[in-house]
Amino acid sequence: MLRVDEAPELAVLARGTGDDFIRSHAIPSSLAAAIDVARDGASRTVDVGRVTYRRWDGGDGERYFANVASVGMSGAVAQRANSTSKALGGRATFFYALTREFLVWRNSEVSVDADGETRRGPMHDVVVANGAFHGGAMKLAPDAKPDDGLFDVLLIGDVSKLDFLTTAPKLYSGKHLGHPKVEVLRGSVVGVDAAVPLPLETDGEVLGTTPARFEIVPRALRLRVPR
């Protein structure tokens, strides 16, 4: 069996909408600079996530993800962002989608378990983060480390429209963590379920719904990053 330190290294030339994976690892977005990192960068061994969930057809699904997964309104935001024009760039696209979805979203009862620590109640979103950035440069999990064997699990509780208006700009700096309806748990195994099935997305791709179970796969990927 191939050891992790013998596995090929992944170099990323970004062509996505939000570029959050490369932002989490400080990989440049320009093609020339990214090629320089691919050729001359350092190697970093990082974790990935694995999630099992309910597919739209009712069957069981499984997917690996590198950066961030989420349950709740973020799934609806990703779906809207993926169905609209990207002409204004990733940040504007995701913020527009976030604003539109927030106006119609209704919070529901959610249960979250992170390594045995449980929270239940009305929630807006559950973000299971291996990296710091999500949703087109939003620094949702500023303390997340992709090589510590743990997810940072961001719980966004029963927020109101006023909460959104006052806190949304802080999502890009990580200062939203001071809001009383926001909490961060940490764990290597995270379960999320809801009274009504909620949409699930991983790295911007909408897959299905809850119930969902997330697991860290430690030291699974060798990545080229800037020196």
Residue by residue through region 169-199, note down the ones that are in a loop (DSSP other than H, G, I, E, B), surrounded by fewer than 16 Cβ atoms within 10 Å (Cβ to Cβ) and hydrophobic (A, V, I, L, M, F, W, C). Ala195, Val196
Can you name every residue in region 109-145 that is more than 16 Å from Leu185 (Cβ to Cβ) and more than 12 Å from the chain's Cα centre (by Cα)? Glu109, Pro122
Which numbered condition Asp158 misses (of (1) in contact with a Lys or Arg (Cβ under 8 Å, 6 or more places away or on another chain); (2) closer than 24 Å to Ile27 by Cα): (2)
Please identify the pairs in which a residue from region 200-213 that is assigned to a strand (DSSP E or B) has its Cβ atom under 6 Å from the Cβ atom of a residue that is among the charged types (D, E, K, R), counting only partners at least 6 apart or on another chain. Thr202/Arg63; Leu207/Arg63; Gly208/Arg54; Gly208/Arg55; Thr209/Arg54; Thr210/Asp193; Pro211/Asp193
Unmet criterion (only one of (1) surrounded by 13 or more Cβ atoms within 10 Å (Cβ to Cβ); (2) modelled with pLDDT of 95 or more; (3) aliphatic (A, V, I, L, M); (4) touching a strand residue (DSSP E or B) at 6+ places or on another chain (Cβ under 9 Å)) for Ile35: (4)
Which one is modelled with the highest pLDDT among residues in region 129-168 that are surrounded by fewer than 15 Cβ atoms within 10 Å (Cβ to Cβ) and in contact with a helix residue (DSSP H, G or I) (Cβ under 9 Å, 6 or more places away or on another chain)? Asp143
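The values are calculated or read from the model by the stated rules, or taken from the named source; none is laboratory data. These numbers come from a predicted model, not from an experiment. All Cβ positions, even for glycine, are placed from backbone atoms using ideal geometry, and neighbour counts span all protein chains on display.
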